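The values are calculated or read from the model by the stated rules, or taken from the named source; none is laboratory data. Please read these numbers as outputs of a predicted model, since none were measured by experiment. With ideal geometry, Cβ positions are generated from the backbone for all residues, glycine too; neighbour counts draw on all protein chains shown. Side chains included, ligands, DNA and RNA excluded: accessible areas come from the protein's heavy atoms. Shrake-Rupley method; radii C 1.70, N 1.55, O 1.52, S 1.80 Å.
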Amino acid sequence: VSAGENFTCALYTTGHVYCFGGNDNGQLGRGDTTDVGGEPGTMSGLHPIDLGTGAIATQIAAGGHHACALLAGGSVKCWGANSRGELGLGDGTRRGDEPGQMGDALPAVALGAAKRIAAGATWTCAILEDGSVKCWGSNANGQLGLGVGTPFIGDDAGEMAALASVDLGPGRTATDLALGEQHSCALLDNQTVKCWGGNGEGQLGQGDTQVRGNKANQMGANLPAIALGTERKAKSLWAGGFHNCALLDDDSVKCWGGNVAGQLGIGTTANRGDAAGQMDDALAAIDLGAGRKAKQMHLGQEFSCALLDDASLKCFGNNFFGQLGYGDTAKRGDGANEMGD
């Protein structure tokens, strides 16, 4: 399951994709802009998205108002909002909001074979078979990691064919991606993490608020891996709106970036990663309870949830809409004695 800003997509074991929720940009891939799921009976008539003759999806990624599917064989198809070229089709035309745009009529993104995809608010990234990363769409904060200030890439003809790979450093490849509201992160083959793009809340983990990725000489060897602790390596990585969390090799979890609602789970609302001395060993692991370890994390705009080793779930951060699931609207993680047991 992958959730966008106002819609959700589910990948079934059959390889079919179903999407429901808001549809203002055709992100449900139905050939219209009618919302689905808010009225009785609308789910019973839900049909799988037509991705083309014989297409089998192996991964789904929902962004702000667009979605992409990785198909068997490595091709990628995207639909929904496209004002910033996030569909990677060389124009700014939405797909999925009118009849005749999906199925065989929906072109695959000109990438080569991909093995993993990720969608940010207004951009998309893919890991190719060789471990290289390519990103397209909005680049207002350097989140495409190309060292250029071009605002959009993928909205004009010829841009995708000429799209360069993100420079991750000498000999480095990516094993996973996590995209937020304005920033991108990659888990690299040596179990380090690098992030680039918007950095107003320290989400790049570099001890400052400097944007990276929109100017020359900011990527590659010039972009340091995030210091997560002495001899610590990352196993998994997730991004929220303006914060990130990593599962480390000792099964602890560390989070950094924006913390206005306690989404870092450290008992304060102070950001981490936006000033010197906050990362590395100074960055505390989240207290998830006595003897408990996280197996997965999933992050929203201002909240975080952890799936624990005993199959229980704990959530912390903003709770204005009850998104923490505790039967109230009180935030968790923003004050002392709110985490752990």
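Observations, loosely collected:
- Residue identified as assigned to a loop (DSSP other than H, G, I, E, B) and closer than 14 Å to GLY202 by Cβ among GLY241, GLY325: GLY241
- Among all residues of region 179-193, there is none that is open to solvent by 10 Å² or more (accessible area, probe 1.4 Å) and at pLDDT below 95.
- Output for region 228-238, where each listed residue is crowded, with 21+ Cβ neighbours inside 10 Å and part of a loop (DSSP other than H, G, I, E, B): LEU228
- GLY92 passes every criterion in (1) open to solvent by 50 Å² or more (accessible area, probe 1.4 Å); (2) part of a loop (DSSP other than H, G, I, E, B) apart from (1).
- Scope region 67-125; condition within 20 Å of PHE152 (Cα to Cα), in contact (Cβ under 8 Å) with a residue 40 or more places away in the chain and among the aliphatic types (A, V, I, L, M); matching residues: ALA67, VAL76, ALA81, LEU87, LEU89, VAL109, ALA110, LEU111, ILE117, ALA118, ALA119, ALA121
- GLY131 satisfies every condition listed in (1) more than 19 Å from ALA69 (Cα to Cα); (2) surrounded by fewer than 20 Cβ atoms within 10 Å (Cβ to Cβ) except (1).
- Test result for GLN27, open to solvent by less than 20 Å² (accessible area, probe 1.4 Å) and among the polar types (S, T, N, Q): yes
- In region 285-307, the residues that are outside any strand (DSSP E or B) and open to solvent by 40 Å² or more (accessible area, probe 1.4 Å): ALA285, ASP287, ALA290, GLY291, ARG292, LYS293, GLN301, GLU302
One line per residue, one yes/no per condition, for (1) among the charged types (D, E, K, R); (2) under 17 Å from ARG30 (Cβ atoms):
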site: LEU51; (1), (2): no, yes
site: GLY54; (1), (2): no, no
site: GLN59; (1), (2): no, no
site: ALA69; (1), (2): no, yes
site: GLY74; (1), (2): no, no
site: TRP79; (1), (2): no, yes
site: LEU89; (1), (2): no, no
site: PRO99; (1), (2): no, yes
site: ASP104; (1), (2): yes, yes
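- Filtered residues of region 39-53 (kept if open to solvent by less than 70 Å² (accessible area, probe 1.4 Å) and out of contact with any His (no Cβ under 7 Å at 6 or more places or on another chain)): GLY41, THR42, GLY45, LEU46, ILE49, LEU51, GLY52
- Top-ranked residue of region 1-16 - restricted to ones that are over 23 Å from ALA239 (Cα atoms) and of a type outside the set (Phe, Trp, Tyr), ranked as least open to solvent (accessible area, probe 1.4 Å): GLY15
- Flag if THR33 is modelled with pLDDT of 95 or more, open to solvent by 80 Å² or more (accessible area, probe 1.4 Å) and over 22 Å from ALA178 (Cα atoms): no
- The residue that is nearest to SER75 (Cα to Cα), among those in region 142-159 that are in contact with a Phe, Trp or Tyr (Cβ under 9 Å, 6 or more places away or on another chain) and not acidic (Asp, Glu), is GLY154.
- For region 255-266, the set of residues classified as open to solvent by 20 Å² or more (accessible area, probe 1.4 Å) and either under 18 Å from the mean Cα position of the chain (by Cα) or farther than 19 Å from HIS183 by Cβ (or both) consists of ILE266 only.
- Residue that is most open to solvent (accessible area, probe 1.4 Å), among those in region 308-318 that are within 21 Å of the chain's Cα centre (by Cα) and farther than 15 Å from ASP341 by Cα: ASN318
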